[in-house]
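The values are calculated or read from the model by the stated rules, or taken from the named source; none is laboratory data. Note that the structure is predicted; figures quoted are calculated from it, not measured. Cβ sites come from the backbone with ideal geometry, for glycine too, and all protein chains shown count toward neighbours.
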Amino acid sequence: MDQIPLSYSLGLSALLFGIGVAGVIVRRNAIVLFMCVELMLNAVNLAFVALSPYAGLEGQVFVFFVIAVAAAEASIGLAIVIAVFRSRGSINIDDMRTMKH
Amino acid sequence: MAIQILFFFFAACAAGSALAMITRRNPVACAMWLIGTFFSVAAIYTLLGAFFIGIIQILVYAGAIMILFLFVIMLLNLGNDYEDDIRGTGWKIMAGGAGLLITAFLGRVFAGETPMPLGREAGPAALAGAQARDGVVGLIAMPLYTDYMVPLQFTAILLLVAVVGAVVLAKRKV
């Protein structure tokens, strides 16, 4: 039975996580930052699923919890983005420096 | 062999869409490329034998969460008059360096000979056996509603708090 080696899927997971980190560093738009965080959560989910046949099948249950927390995080984060946009007229994170000094 | 070719195809789609997501300037294009990444990752879940997780990925991530993102982008009218939000060359070099560093570090950790509780040889055969015994959904549902009952209830409370918090935050006046 042919199958995907564990190292391939874990390598893809590492690559997606690295792309997410690079996106968080290089972008200024708060919504795109949230998308990059979602990409990193997806990379973690991929590692969970790839490892689950080797390290315990409950790994797939944890993917469920990660997806639920991601949904909660996205809704709260986007509500904060809307509130910030309403008070400042911009969601550029470089404009948010009230607490800088 | 065919499954590996499919894996490489979808892995290339996922990585390419993710790279396009962080380099496009229009937020709507970013969201669309991210949906492409989610679909590719869902296909990879299916190739790995996690069929139910693959469907949930499409339903919840690509269906619900990304619709929320697109809805907010259109609500704030960022699709038309978006500003260029990609930082300068120094930041780009730093981002590329950090991304490569973290990828290399994670790759090194993953490539290490960490001991596996079920053994290195368990593999997809164990997963297929468990799915044949419990069913594709039962494999997840049985532990979810027995061993992980308390975390499940806490997740429910978390989602309730998130709903109430989102409404309170987004309302103009409470």
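Annotations for the structure displayed:
- Enumeration of residues in region B:58-88 that are among the charged types (D, E, K, R) and at positive phi: none
- Where a residue in region B:1-18 is touching a residue at least 40 places away in the same chain (Cβ under 8 Å) and its partner, wherever it lies, is among the hydroxyl-bearing types (Ser, Thr, Tyr), with Cβ under 9 Å and at least six apart: B:7/A:8; B:7/A:9
- Single unsatisfied condition, residue B:58 versus (1) more than 9 Å from chain A (Cβ to nearest Cβ); (2) modelled with pLDDT of 90 or more; (3) loosely packed, with under 13 Cβ neighbours inside 10 Å: (3)
- Screening the candidates A:39, A:51 for the property of being more than 7 Å from chain B (Cβ to nearest Cβ) and part of a helix (DSSP H, G or I) yields one hit, A:51.
- Residue A:84 passes every criterion in (1) facing chain B (nearest Cβ under 7 Å); (2) surrounded by fewer than 22 Cβ atoms within 10 Å (Cβ to Cβ); (3) in a helix (DSSP H, G or I); (4) over 13 Å from the mean Cα position of the chain (by Cα) apart from (1).
- Residue B:50 modelled with pLDDT under 90, of a type outside the set (Asp, Glu) and closer than 30 Å to residue B:122 by Cα: yes
- Of all residues in region A:72-95, those being closer than 24 Å to residue B:156 by Cβ and without any contact (Cβ under 8 Å) to a residue 40 or more places away in the chain number 6.
- Scanning region A:17-31 for residues that are farther than 11 Å from residue B:106 by Cα and part of a helix (DSSP H, G or I) yields A:19, A:20, A:21, A:22, A:23, A:24, A:25, A:26, A:30, A:31.
- Residue that is surrounded by fewer than 19 Cβ atoms within 10 Å (Cβ to Cβ), free of Cβ contacts under 8 Å to residues at least 60 places away in the same chain and under 12 Å from the mean Cα position of the chain (by Cα), where the choices are A:24, A:69: A:69
- Every residue from region B:1-45 that is more than 30 Å from residue B:76 (Cα to Cα) and crowded, with 18+ Cβ neighbours inside 10 Å: B:7, B:10, B:11, B:43, B:44, B:45
- Sole exception among (1) within 11 Å of the chain's Cα centre (by Cα); (2) crowded, with 24+ Cβ neighbours inside 10 Å for residue A:40, by number: (2)
- Condition check for residue B:72: surrounded by 14 or more Cβ atoms within 10 Å (Cβ to Cβ), within 29 Å of residue A:52 (Cβ to Cβ) and among the β-branched types (Val, Ile, Thr): no
- Applying the set (1) among the aromatic types (Phe, Trp, Tyr); (2) modelled with pLDDT under 85; (3) within 30 Å of residue A:4 (Cα to Cα) to residue B:148 leaves exactly one unmet item: (2).
- Restricting region B:36-45 to residues that are facing another protein chain (nearest Cβ under 10 Å) and not small (Gly, Ala, Ser), the residue that is nearest to residue A:56 (Cα to Cα): B:45
- Here is the figure for region A:1-33: residues that are facing another protein chain (nearest Cβ under 7 Å) and more than 30 Å from residue B:127 (Cα to Cα) total 10.
- Residue A:57 meets all of the listed conditions (1) surrounded by fewer than 16 Cβ atoms within 10 Å (Cβ to Cβ); (2) not in a helix (DSSP H, G or I) but one, namely (1).
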